[in-house]
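The values are calculated or read from the model by the stated rules, or taken from the named source; none is laboratory data. Predicted model, so just to flag it, every value in this text is computed and none were measured. Glycine also receives a Cβ, built like all others from the backbone with ideal geometry; neighbour counts cover every protein chain displayed. In case anyone asks, the SASA skips ligands and DNA or RNA and just uses the protein heavy atoms, side chains included. Shrake-Rupley method; radii C 1.70, N 1.55, O 1.52, S 1.80 Å.
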Amino acid sequence: MMLRHIVTIQSRTATVGSEGEKTFTYANFKSGYRCDIQPVAMSPEEMRAWGVVDLSANSRAMFYPHDSNVTTLMRVVFGSDVYEIRNINSWSIHDKALLVPVQGL
């Protein structure tokens, strides 16, 4: 696997307000994280398997060495783009994460 991209992984922290509403903040968790990011083209069957109901044309797949510290709902900063990790699939030699663009920063 070619780890040709460098990204920043951000962790998510929830804060509960006085009326029970949640707000989320993100902090850098891992900087200089090496991975491979590629465009995603999924069939309807693959989308159902991943639990995705709507897929933007700008979604990506991120391939990286096994890392149990990288979890869903974290964010990936790649250049000027920010993605949310929606699903992770662990393969025998690497992990694959589905990245969906974050809108309305």
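General remarks:
- For the chain: Kirkwood Rh in Å [reciprocal of mean 1/r, alpha carbons]: 14.5 Å
- Of the solvent-accessible surface of the chain, computed with a 1.4 Å probe over protein heavy atoms with every protein chain present, carbon and sulfur atoms account for 50 percent.
- Solvent-accessible surface of the chain, averaged per residue with a 1.4 angstrom probe and all protein chains in place: 63 square angstrom.
- Computed from point charges on the beta carbon alone (+1 for Lys and Arg, -1 for Asp and Glu), the dipole magnitude for the chain about its Cα centre is near 260 Debye.
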